[in-house]
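The values are calculated or read from the model by the stated rules, or taken from the named source; none is laboratory data. Because the structure is a prediction, the values reported are computed rather than measured. Every residue, glycine among them, receives a Cβ derived from its backbone with ideal geometry; neighbour counts consider all protein chains shown.
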Amino acid sequence: MINESGVEMEKAVWRDYLELTKPNVVALMILTTVIGMFLSVPGMVPVNVLILGNLGIALCAGAAAVVNHVVDRQIDTKMARTVNRPVAKGRVEPVQAMVFATVLGLLGMAILLVYINPLTAWLTLASLVGYAGVYTLFLKRATPQNIVIGGLAGAAPPLLGWTAVTGEIHGHALLLVLIIFAWTPPHFWALAIHRKDEYAKADIPMLPVTHGEKYTKLHILLYTLMLLVISVLPFVTGMSGWLYLLGALALGIGFIYWAIVMMVGKKANAGMDTFKYSIIYLMALFVIMLLDHYLITVPAFFP
């Protein structure tokens, strides 16, 4: 295969196309989507909605990820963690990737429109455009607040799960969005500190590059404190019970601990350790919320 520069490259295999969809990121998104679905009802989610709703949302999320690979292919060649990506390496041509993204996006939208409901379909499309268009094409290169503003698109999955089941936007679903929205900056800035030199080399204005590590670490701590407060709101509003409250406090204190470790700056790779903990935090928080829903909250209302 000859790439756009006229250089013969390896032939793409199916794993390259799977990698384009960022399956690990999509899997975490779908976890929050599934939990959003179950939190929206006291009983079981209809099986067809559970399967087809998540399939449609996952396909659209995968399409957005493919567009991200295409748009960032020049940046990816300058960063160690992305240099071997299929488009950056030339195994998949940009045109081929965009055709793949179009097929995924259209198929996902068709599933949501036909088998779920229009509200979920249009909200999913808005998230796709927000991530692949507004964030990747513009915000990422325009402002150090890129991940804060663009984080709204990535925070939508639990809302999409909720609307897929109920067909309406509920305040409790928006609380789930708010939690992920507050979680995104400390999660990503921890990685950005660890990869600061690479972002600087790629000329991407991430906060550690433009304002320094000390400033970024302070904001990670502040956002983590804010996240702790926001994570308690499901209990305050009656959405969740005491099991969730205990879990949210324990996980939040753990996140604050890692933010302080970063502030002190005496532990090697503290940024990457904080980044890894943030992923565990989000997964555990939503799983505990689901357990609380069926073990504590729902039984309290339906004894």
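The residues in segment 154-179 that are outside any helix (DSSP H, G or I), in contact (Cβ under 8 Å) with a residue 60 or more places away in the chain and buried (at least 22 other Cβ atoms within 10 Å of the Cβ) can be counted, and the count is 0.
Entry remark, segment 73-89: residues being under 16 Å from Tyr17 (Cα atoms), surrounded by fewer than 20 Cβ atoms within 10 Å (Cβ to Cβ) and in contact (Cβ under 8 Å) with a residue 12 or more places away in the chain number 1 in total. Taken together, the criteria exclude Tyr223 from residues that are without any contact (Cβ under 8 Å) to a residue 40 or more places away in the chain, within 20 Å of Leu28 (Cβ to Cβ), out of contact with any Asp or Glu (no Cβ under 9 Å at 6 or more places or on another chain) and of a type in the set (Ser, Thr, Tyr). Counting just the residues of segment 113-125 that are closer than 22 Å to Val177 by Cβ, in contact (Cβ under 8 Å) with a residue 60 or more places away in the chain and of a type outside the set (S, T, N, Q), which one comes out surrounded by the fewest Cβ atoms within 10 Å (Cβ to Cβ)? Ranking the qualifying residues of segment 113-125, first place goes to Leu125.
Before we move on, is Tyr281 surrounded by 21 or more Cβ atoms within 10 Å (Cβ to Cβ), at pLDDT 95 or above and on the phi < 0 side of the Ramachandran plot? Criteria met by Tyr281.
Only one of Leu218, Leu222, Leu246 is outside the structural domain of Thr82 (by TED's automatic domain parsing) and either charged (D, E, K, R) or touching a helix residue (DSSP H, G or I) at 6+ places or on another chain (Cβ under 8 Å) (or both). Can you tell me which? Exactly one of Leu218, Leu222, Leu246 is outside the structural domain of Thr82 (by TED's automatic domain parsing) and either charged (D, E, K, R) or touching a helix residue (DSSP H, G or I) at 6+ places or on another chain (Cβ under 8 Å) (or both), namely Leu218.
State whether the residues of segment 37-45 include one that is farther than 18 Å from Pro157 by Cα and not small (Gly, Ala, Ser). Yes, because at least one residue in segment 37-45 is farther than 18 Å from Pro157 by Cα and not small (Gly, Ala, Ser).
Restricting attention to segment 22-44, the residues being more than 27 Å from Gly171 (Cβ to Cβ) and modelled with pLDDT of 95 or more number 0.
Residue-by-condition table, conditions (1) crowded, with 17+ Cβ neighbours inside 10 Å; (2) in contact with a strand residue (DSSP E or B) (Cβ under 9 Å, 6 or more places away or on another chain); (3) under 23 Å from Pro185 (Cβ atoms):
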| position | (1), (2), (3) |
| --- | --- |
| Tyr215 | no, no, yes |
| Leu233 | no, no, yes |
| Gly247 | yes, no, yes |
| Trp258 | yes, no, yes |
| Tyr277 | yes, no, yes |
| Ala300 | no, no, no |
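Screening Ala202, Ala182, Ala192 for residues that are assigned by TED's automatic domain parsing to the domain that holds Leu233, under 25 Å from Gln74 (Cβ atoms), crowded, with 18+ Cβ neighbours inside 10 Å and modelled with pLDDT of 90 or more leaves exactly one candidate, Ala192. Does Phe286 qualify as being closer than 24 Å to Lys78 by Cβ, touching a residue at least 60 places away in the same chain (Cβ under 8 Å), touching a helix residue (DSSP H, G or I) at 6+ places or on another chain (Cβ under 6 Å) and crowded, with 17+ Cβ neighbours inside 10 Å? Spelling it out, it is not the case that Phe286 is closer than 24 Å to Lys78 by Cβ, touching a residue at least 60 places away in the same chain (Cβ under 8 Å), touching a helix residue (DSSP H, G or I) at 6+ places or on another chain (Cβ under 6 Å) and crowded, with 17+ Cβ neighbours inside 10 Å. Could you run through segment 201-220 and say how many residues are in a helix (DSSP H, G or I) and free of Cβ contacts under 8 Å to residues at least 12 places away in the same chain? So the count comes out to 2.
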